[in-house]
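Engineer: My questions will all concern the structure given below.
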Amino acid sequence: MEKQNTHYVSDTQVRRSTDIVWRVQLKLPDDSQEWLYLFLLIEFQSKADPWMALRMLTYVCLLYQDLIKAEQVKPGKKLPPVFPVVIYNGQATWRASLEIAKLIDAPDSLKRWTPRFRHHLLDQGRVPEAKLKQLSDNLMACLIVLETHLPDDPVILETTRTLVELLKDDDFDGLDRAFTRFYRRTILSKLNSGQMTQMPETLEGVTTVLAERIDEWMDGLRHEGRREGREEGKQSEAVRMLSRLLRLRFGPVPDWAEARLAQAPLERLEGWIEAVLTAESLEGVIGPEG
């Protein structure tokens, strides 16, 4: 694939750095070859653009005009095919039309003159998990996983190891560096990696950092689980003790009171245990029903 220089401008004459055009040689059934232009438009938007089909049609036409101006398409020859792709990473589901014809209100008598154009949409947040797993050795699928999962999700480490394997060849040094910059700017910063004295320079280094961070995270979870387990044990023992004291002082404990004991925090249970000694009724300890 060959990356093409893009100098297309928007309505406000501001250059769009997210427009990327590549061309690749296609081998035809008769063994001849022709260029296919792949137009990528990356949308960093929170919601769908209802006029995206029109924008994409405009960009493709600008590309064709540029090819003609640069004499890459000679008079009498046909224009090359273009595969227009919109990569969308917004939170809301994309609902805008992918076809230009659906944006034009034409009567039946004029529909034959309505432009026909359609772009492909890659809505990152809506790619099924099963599809991502099926394409685990696909670079785009790996990128989607990285962008749609929390940094401390173990799947991030698994995907990173896959990337290391996919990009281990020296020919992919540029991609390795690009992915490493992505990790440093997004995922590692979210894992409080700013405390590190030196950021990793390669994907293998990223893998080491992620493994260490996830181990620390899992240790923290286990510690928190043990602490919560101890707290739950103390609470259960306090409920059992208070229920027994209430029965000894005031007789059978009604269901509503048992439910209140079960939901009370440890500090409140300890206060109620002390109140049993001086209270004159069950309600005097834990309050009235309701």
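The values are calculated or read from the model by the stated rules, or taken from the named source; none is laboratory data. Note that the structure is a prediction, hence the values are computed from the model and not measured. Cβ placement follows ideal geometry from the backbone for every residue including glycine, while neighbour counts extend to all protein chains displayed. Note: accessible area is taken over every heavy atom of the protein model, side chains too, but ligands, DNA and RNA are not part of it. Shrake-Rupley method; radii C 1.70, N 1.55, O 1.52, S 1.80 Å.
Engineer: Is there a residue in segment 162-178 that is among the β-branched types (Val, Ile, Thr), within 29 Å of Asp49 (Cβ to Cβ) and open to solvent by less than 80 Å² (accessible area, probe 1.4 Å)? Full working, then the answer.
Structural biologist: Pass one, segment 162-178, residues among the β-branched types (Val, Ile, Thr): 162, 164.
This time we only want the ones that are within 29 Å of Asp49 (Cβ to Cβ), so: none.
No, that holds for no residue.
Engineer: Restricting to segment 94-137, name every residue that is within 14 Å of Trp51 (Cα to Cα), out of contact with any Ser or Thr (no Cβ under 6 Å at 6 or more places or on another chain) and of a type in the set (Gly, Ala, Ser).
Structural biologist: Ala96, Ser97, listed by residue number.
Engineer: Restricting attention to segment 1-34, and to residues there that are modelled with pLDDT of 75 or more, loosely packed, with under 15 Cβ neighbours inside 10 Å and touching a strand residue (DSSP E or B) at 6+ places or on another chain (Cβ under 9 Å), which single residue is farthest from Lys77 (Cα to Cα)?
Structural biologist: Filtering first and then ranking leaves Trp22.
Engineer: Okay, moving on. State all residues of segment 276-290 that are open to solvent by 30 Å² or more (accessible area, probe 1.4 Å) and assigned to a helix (DSSP H, G or I); if no residue qualifies, say none.
Structural biologist: Just the residues of segment 276-290 that are open to solvent by 30 Å² or more (accessible area, probe 1.4 Å), to begin with: 277-278, 280-281, 283-284, 288-290.
Answer for segment 276-290, where residues must be open to solvent by 30 Å² or more (accessible area, probe 1.4 Å) and assigned to a helix (DSSP H, G or I): Glu283, Gly284.
Engineer: A further question on this structure: Can you tell me which residue within segment 102-119, out of those that are out of contact with any helix residue (DSSP H, G or I) (no Cβ under 8 Å at 6 or more places or on another chain), outside any loop (DSSP other than H, G, I, E, B) and open to solvent by less than 100 Å² (accessible area, probe 1.4 Å), is nearest to Tyr59 (Cα to Cα)?
Structural biologist: Looking at the filtered set, the residue picked out is Leu110.
Engineer: Does Gly225 qualify as being under 24 Å from the mean Cα position of the chain (by Cα), part of a helix (DSSP H, G or I) and at pLDDT below 80?
Structural biologist: Numbers: under 24 Å from the mean Cα position of the chain (by Cα): no; part of a helix (DSSP H, G or I): yes; at pLDDT below 80: yes.
Criteria not met by Gly225.
Engineer: Can I ask one more? Test each condition in (1) within 22 Å of Lys47 (Cβ to Cβ); (2) out of contact with any Phe, Trp or Tyr (no Cβ under 8 Å at 6 or more places or on another chain) for Leu139 and report the one that comes out false.
Structural biologist: Here Leu139 clears every test but (1).
Engineer: Name the single residue that is surrounded by the fewest Cβ atoms within 10 Å (Cβ to Cβ) among those in segment 75-101 being of a type in the set (Val, Ile, Thr) and in contact with a helix residue (DSSP H, G or I) (Cβ under 8 Å, 6 or more places away or on another chain).
Structural biologist: Going through segment 75-101, the residues of a type in the set (Val, Ile, Thr) turn out to be 82, 85-87, 93, 100.
In the following step, the residues that additionally are in contact with a helix residue (DSSP H, G or I) (Cβ under 8 Å, 6 or more places away or on another chain) were identified as 82, 86-87, 93, 100.
Working: Val82: 22, Val86: 23, Ile87: 19, Thr93: 11, Ile100: 21.
Among those that are of a type in the set (Val, Ile, Thr) and in contact with a helix residue (DSSP H, G or I) (Cβ under 8 Å, 6 or more places away or on another chain), it is Thr93.
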